[in-house]
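Right, one structure below, let's go through it.
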Amino acid sequence: SAVENQTINYRWFGRQYLKTLDRVIFYLGMGVLATLVIISLLAFFNRSLRIRVDTRTKELQEALLNLGISEARFRESIEYMPIPISIADNHGNILTVNEKFTEQYGYSIADMPTVSAWMTIAYPNPEYREMVIAQWAMDVSSAVQNKTATPLREYNITDKNGHLHVAEIIMHPVKQLWVASFVEITEHKNAERIIQESEK
């Protein structure tokens, strides 16, 4: 019969299996195509991202280079100023002092890596140091709030050799740094004292 004939043909010639295989190959081909498309898109985005990262990296490197040059010029500009200068960051680390500072007070950056260390050696008297720290904290807080320099204050500073100096100190905020300048008025104060004693 026709049914038996078709069954024998399918069995011997495998027409039914060929149709199934064609369908499998079709879906497999679609899957491979979709995978290639996804890989191509990922490669495109990866390349695009890499270009953007490279560009941004170059921009950051240039910015850091310019910042380094700017910082070097800034340090050079204060190094030879005729008054003592110190620079500290917002965390209380003293980053640098100029030549005049070391000449005037004898301290180097190794002696006073932090503001706390400076307070200890510059103001050895505990009571006076406590007063200085309280005044300094209040002035810094006010300067931060008002975005201005601290008021000009007079302080008695003990140098590395134990000699007493009288200086007027003011701190200016520069971005994330604090630049402190010291105006020595020891001779002026001594002259005032001599005049007052003479008048008495």
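Using a 1.4 angstrom probe on the protein heavy atoms only, line up Asp54, Asp139 by accessible area, largest first.
Correct descending sequence by accessible area is Asp54, Asp139.
Show that you can apply the helix-only estimate: for the chain, add -39,500 (n - 2.57) for every DSSP H stretch of four or more residues, divide by all residues, and state [θ] at 222 nm to the nearest 500.
Computed mean residue ellipticity for the chain: -22000 deg cm²/dmol.
Which of rounded, prolate, oblate describes the stretch 131-197, given a ≥ b ≥ c as roots of the alpha-carbon gyration tensor eigenvalues and a/c under 1.5 marking rounded, otherwise prolate only if a/b is larger than b/c?
prolate
Report Ser48's accessible area, 1.4 Å probe, all protein chains in place, as a number in Å² to the nearest 10.
For Ser48, the solvent-accessible surface is approximately 40 Å².
So, with a 1.4 angstrom probe, what is the percent of accessible area on the stretch 33-172 that is carbon and sulfur?
Numbers: 5650 of 9430 Å².
Carbon plus sulfur share of accessible area: 60 percent.
Jot down the per residue volume, in cubic angstrom and as a whole number, of the convex hull over the alpha-carbon atoms of the stretch 86-200.
Details: hull volume 13.2 nm³, N = 115.
Residue-normalised Cα hull volume stands at 114 Å³.
Using a Förster distance of 35 Å, how high is the FRET efficiency between His172 and Asp54, based on the Cβ-Cβ distance and rounded to 0.05?
Working: r = 39 Å, r/R0 = 1.10.
According to the calculation, E is roughly 0.35.
For the Cα atoms of the chain, what angle does the longest principal axis make with the long axis of helix 15-79, in degrees from 0 to 90, nearest 10?
Value to nearest ten degrees: 10.
Note down the accessible area of Lys58, probe 1.4 Å, to the nearest 10 Å².
130
What does the net charge come to around Arg153 if you take all other residues with beta carbon closer than 9 Å to its beta carbon, with K and R at +1 and D and E at -1? Mind showing how you got there, number by number?
Numbers: positive: none; negative: Asp139, Glu154, Glu168.
Its environment carries a net charge of -3.
Any idea of the accessible area per residue across the stretch 109-167, 1.4 Å probe, to the nearest Å²?
60
Excluding residues on the same chain fewer than 8 positions from Lys147, give the aspartates and glutamates whose Cα lies under 15 Å from its Cα.
Qualifying aspartates and glutamates at Cα under 15 Å: Asp139.
Could you give log10 I(q)/I(0) at q = 0.13, 0.15, 0.16 Å⁻¹ for the chain, computed by the Debye formula over C-alpha point scatterers of equal weight, without solvent?
Each listed q corresponds, in turn, to -0.85, -1.01, -1.09.
Can you tell me the length gained on complete extension of the stretch Glu192 to Ser116, counting 0.36 nm per residue apart and subtracting the Cα distance?
The span from Glu192 to Ser116 would gain 24.2 nm if fully extended.
Among Leu177, Leu164, what's the order by accessible area (1.4 angstrom probe), most exposed first?
Order by accessible area, largest first: Leu164, Leu177.
Lys and Arg at +1, Asp and Glu at -1: add these up for the other residues within a Cβ distance under 11 Å of Val53 and post the number. Please list the in-between numbers first.
Values: positive: Arg47, Arg50, Arg52, Arg56, Lys58; negative: Asp54, Glu59.
Its environment carries a net charge of +3.
Run the quick spin-label model on Glu127 and Thr148: label points 7 Å from Cα toward the beta carbon, then report their separation in nm to one decimal.
It is 3.2 nm.
Ranked by accessible surface with a 1.4 Å probe, highest first, in what order do Lys160, Lys200 come?
Lys200, Lys160
The values are calculated or read from the model by the stated rules, or taken from the named source; none is laboratory data. This structure is a prediction, so every number in the text was calculated from the model and none was measured. So basically every Cβ, Gly included, is an ideal-geometry build from the backbone, and we count neighbours across all protein chains shown. Calculation scope for accessible area: heavy atoms of the full protein, side chains included, ligands and nucleic acids excluded. Shrake-Rupley method; radii C 1.70, N 1.55, O 1.52, S 1.80 Å.
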